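Have a look at the structure below before the remarks.
The values are calculated or read from the model by the stated rules, or taken from the named source; none is laboratory data. The model shown is predicted, which means the values in this text are computed figures rather than measured ones. Only protein heavy atoms, including side chains, enter the accessible area calculation; ligands, DNA and RNA are left aside. Shrake-Rupley method; radii C 1.70, N 1.55, O 1.52, S 1.80 Å.
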Amino acid sequence: MRPVHLLGSIPLSNNSEVFEAIATTLSGHVTRVPDGETGKRTGWMRWLREVFALDPQLELSGSSVKTHATGYTFEQFRPKAGVDAGAMRFREIGYAGFAKASYPLFAAMKQAGRFAPGTRFQVCMPTPIGLLWSYIAPDYQRILERAMIERFITELRDTLAAIPHRELAIQWDMPHDLLTQEGARDMVLDSDRDALVRRWAGIVEHIPSAVELGFHFCYGDSNAAHAVEPRDLGLMTEFANALTRGLPREINYIHMPVPRNRDDVAFFTPLKQAQWKPVTELYLGLVHPQDGVEGAGRRIRSADRKSTRLNSSH
């Protein structure tokens, strides 16, 4: 059986149920275990509205953005009158806190033999530009970008201080990076490929080599639909190549989505152009609830025929 990768969100009630379900059904097939992003984190980034709404430096701007035609709408915030936006610092977001709360249970189950010895605890984070695009009014996104990146670096440092590095994997969920390159996200921020790679280089340099680094290339998942459907794996392969060249450390894994109606060999052909390091694992989003095992099997067979990089599915 191929290794299985879990992207993060799992529709169960709490982290205990998530860990138990993974240990019971997938132990031995997963090398990284997320806590399921349960409770108020259900719905990916929508819960973060309260973080910005409770920040005394911010107020609603009256502007909003929608992820796509059938997606979610995000209300946006701006600094209040009298707040120096250039000197502003964002308050705690919460990703480090959730990781620190969930890790002890994971560690206890691993110690009890419920997970294999090499299994890591997977912490999934959105990207700084994702939060800026979603929750900050356009006129303030550039001036607040440095503050947002610094906030994420602090979240990283708090996570790294609490969890043993060889027990940890950090995954970045990055729909805005991909959708911007597809022309499906209008960004105020510099978002050409070189700018994105430079931004990531400045962030991941804070992740030690003992910690695994993963990127979830995402095209959105609002109401079970992508914001746009990737034409093939070409753009994602090129972006992965650029990250490989431009980052100051190795990438341990990359996930790429596969639309459920794409089981043709042509979709996977661009993977032949991959220029990644041997340590980098590829995970393809081959499993969809709409067609289950039968559909996943078709997509796996097509990917196998064209990709020397395919070693796993999720």
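What is the ratio of the Cα radius of gyration of the range 184-252 to 2.2 N^0.38 Å, with N the residue count, to two decimals?
My calculation over the Cα atoms of the range 184-252 gives 1.24.
If you only keep lysine pairs separated by 8 or more in sequence, or across chains, how many in the chain come under 19 Å at the Cα atoms?
Close lysine pairs under the 19 Å cut-off: 4.
For residue 2, what accessible surface area do you get with a 1.4 Å probe? Give it in Å², rounded to 10.
Near enough 70 Å² of accessible area.
How high is the relative contact order of the range 18-145, in percent, with contacts defined as C-alpha pairs under 8 Å that are six or more residues apart?
Details: 129 pairs, mean separation 42.5, N = 128.
33 percent.
So what's the angle, to the nearest 10 degrees on a 0 to 90 scale, between helix 193-204 and the longest Cα principal axis of the chain?
Approximately 90 degrees, to the nearest ten.
Of the beta bridges DSSP finds with both residues in the chain, what % are antiparallel, to the nearest 5?
20
Suppose all protein chains stay in the model; what accessible area per residue would a 1.4 Å probe give for the range 215-257, in Å²?
Accessible area per residue, the range 215-257: 34 Å².
Stokes-Einstein diffusion coefficient for the range 241-305 at 20 °C in a medium of 1.002 mPa s, Rh from the Kirkwood formula over Cα pairs: what value in µm²/s? Walk me through the numbers before you get to the answer.
Values: Rh = 13.0 Å.
Rounded, D is 165 µm²/s.
With a 1.4 Å probe and every protein chain left in place, work out the accessible area per residue of the range 45-86 in Å², rounded to a whole number.
That works out to 52 Å² per residue.
How high is the relative contact order of the chain, in percent, counting Cα pairs under 8 Å that sit 6 or more residues apart? Walk me through the numbers before you get to the answer.
Values: 526 pairs, mean separation 48.3, N = 314.
Result for the chain is 15 percent.
Roll a 1.4 angstrom probe over the protein heavy atoms and tell me the percent of accessible area of the chain that is carbon or sulfur.
Summing carbon and sulfur atoms, their accessible area is 50 percent of the total for the chain.
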